[in-house]
C-alpha cells in the first residue's frame with residue numbers, strides 16, 4: 001500500500017510539473033506587454049529597450065521610442081527562460097553576461113514603502129535589513145535564486161553578510177526581477193538578474209540590464225499586473241531570426 005501511495009504522489013508531482021512547463025508553441029503569444037532589449041552583437045554591453053502592448057486586435061503596438069540600456073561587460077549568452085534551448089554560449093555564474101532569451105517579468109523590489117506614483121499595482125516587496133537573495137547552492141533549501149526574508153526574532157545566520165540585499169545603494173533603489181533561471185533553478189547557471197538604475201552613462205554591469213532612473217520608473221509605471229509581461233533580450237540578428245516563432249513584436253525600422 002505504501003508503495004502504491006508513493007507512486008501516486010510521484011505521478012501527481014510529475015503531472016503538475018508537466019502542466020507548469022512553458023508551452024514552446026506559444027511563448028510570447030500569452031503576453032499582453034513585451035519589453036524588447038536589443039544588442040548589436042553578443043559582445044555588446046550597450047543596447048536599447050522598447051515597450052510594446054497588444055491592441056484589441058492582438059497586434060503589437062510600440063509604447064514610445066526606445067531608450068538606452070547597459071548590459072554586462074561580457075555581453076550576452078543564452079539564459080534559462082521561456083524559450084526553447086538555443087545553440088551557442090550559455091550563461092553561467094560569474095561570466096558578467098546578460099541572459100539572452102525570453103523571460104517573464106517578476107516582482108519589483110525597492111527601498112520605498114510603495115512603488116512610484118502612477119504604478120498600476122505591480123507586485124512589490126520593500127527591502128529591509130531582513131532580506132537576502134540566495135545565490136549559494138549550499139543554501140538551496142531556502143530557495144536558490146529567490147528572495148529570502150529572515151523570520152522575525154531569528155538571529156542572523158553565519159552566511160548572512162554574503163547573501164543579504166544591499167540597503168542605501170542608489171543603483172538598487174528600484175529592482176525589477178527578470179525571471180532567468182528562476183523556475184526550477186539550476187545552480188551555476190546565473191542568478192540575481194534585474195532591471196535596475198545604471199551607475200554611469202557607460203558603466204557595464206555584472207549581468208543585469210540598467211538604465212536611467214526616470215526610464216526605470218517609467219517602465220515600472222507601465223507594467224500592468226494583468227498583462228503577463230515578458231522580456232525579449234536578444235542580439236538584433238537573433239531577434240530577426242526568432243521573432244515570428246516566439247510571437248514577438250515585429251522588428252522596428
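The values are calculated or read from the model by the stated rules, or taken from the named source; none is laboratory data. This one's a predicted model, so the numbers in the text were calculated from it and none came from an experiment. Here Cβ is always computed from backbone atoms with ideal geometry, including for glycine, and neighbour counts include all displayed protein chains.
Scanning the range 111-150 for residues that are surrounded by 13 or more Cβ atoms within 10 Å (Cβ to Cβ) and at positive phi yields 143, 145.
For the range 188-204, how many residues are surrounded by 15 or more Cβ atoms within 10 Å (Cβ to Cβ) and at pLDDT 95 or above? Within the range 188-204, residues that are surrounded by 15 or more Cβ atoms within 10 Å (Cβ to Cβ) and at pLDDT 95 or above number 10.
Here the condition is being touching a strand residue (DSSP E or B) at 6+ places or on another chain (Cβ under 9 Å) and either within 23 Å of residue 234 (Cα to Cα) or in contact (Cβ under 8 Å) with a residue 12 or more places away in the chain (or both); of 124, 144, it holds for 124 alone. Number of residues in the range 220-239 that are in contact with a strand residue (DSSP E or B) (Cβ under 9 Å, 6 or more places away or on another chain) and over 14 Å from residue 88 (Cβ atoms) equals 13. Residues in the range 228-251 that are surrounded by 14 or more Cβ atoms within 10 Å (Cβ to Cβ) and out of contact with any helix residue (DSSP H, G or I) (no Cβ under 8 Å at 6 or more places or on another chain): 10 in all.
Examine the range 163-179 for a residue that is surrounded by 19 or more Cβ atoms within 10 Å (Cβ to Cβ), touching a helix residue (DSSP H, G or I) at 6+ places or on another chain (Cβ under 7 Å) and touching a residue at least 60 places away in the same chain (Cβ under 8 Å), and state whether such a residue exists. Taking every residue of the range 163-179 in turn, at least one turns out to be surrounded by 19 or more Cβ atoms within 10 Å (Cβ to Cβ), touching a helix residue (DSSP H, G or I) at 6+ places or on another chain (Cβ under 7 Å) and touching a residue at least 60 places away in the same chain (Cβ under 8 Å).
With a requirement of 1 or more residues that are at pLDDT below 95 and surrounded by fewer than 20 Cβ atoms within 10 Å (Cβ to Cβ), none of the strands (runs of 3 or more DSSP E) lying completely within the range 47-107 satisfies it.
The set of residues in the range 54-70 being within 23 Å of residue 226 (Cα to Cα) and in contact with a helix residue (DSSP H, G or I) (Cβ under 7 Å, 6 or more places away or on another chain) consists of 63 alone.
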